[in-house]
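Here is the structure we will look at.
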Amino acid sequence: MKELNSEELFKIIGLNVKYYRKLYNLDKGKMTQENLAELVDVSTSLIGSLESENIAQGISVTTLWKISKALEISIDKLFENPHQRKKTS
């Protein structure tokens, strides 16, 4: 398995946050960046930066845990390789 640098890891996390937030929209109801930020007690701009593919936004483990709880997924889903997820979905 290829070792990731921190920028690549943050991009993977961000892509997964965006994917699972949109999946939540389809399955359970509306979850905007603003809603997620409010539930997690962070700024909307942090969620937006996290989801942006052009910004490598760092994030704490505590915030990741809160995001996973808000999106009703296990925290490990935020570390999945998005390309592998698409192949198996």
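Taking only protein heavy atoms and a 1.4 Å probe, the accessible area of the chain is 51% carbon and sulfur.
Summarising the label geometry, the points placed 7 Å from Cα in the beta-carbon direction at Asn25 and Asn81 lie 2.8 nm from one another. Residues in the chain average 65 Å² of solvent-accessible surface per residue, probe 1.4 Å, ligands and nucleic acids excluded. Annotation: extensible slack from Lys2 through Ser74 equals 23.6 nm (criterion: 0.36 nm per residue apart, minus Cα-Cα distance). Restricting the calculation to Cα atoms, every distinct pair contributes to the Kirkwood radius of the chain, found to be 13.1 Å. Sorting 31-37, 4-10 by their mean Cβ neighbour count within 10 Å, with the most densely packed peptide first, gives 31-37, 4-10.
The values are calculated or read from the model by the stated rules, or taken from the named source; none is laboratory data. As the structure is a prediction and not an experimental result, all values here were calculated from the model. Because the Cβ atoms are built from the backbone with ideal geometry, glycine has one as well, and the counts that use them run over all protein chains shown. Calculation scope for accessible area: heavy atoms of the full protein, side chains included, ligands and nucleic acids excluded. Shrake-Rupley method; radii C 1.70, N 1.55, O 1.52, S 1.80 Å.
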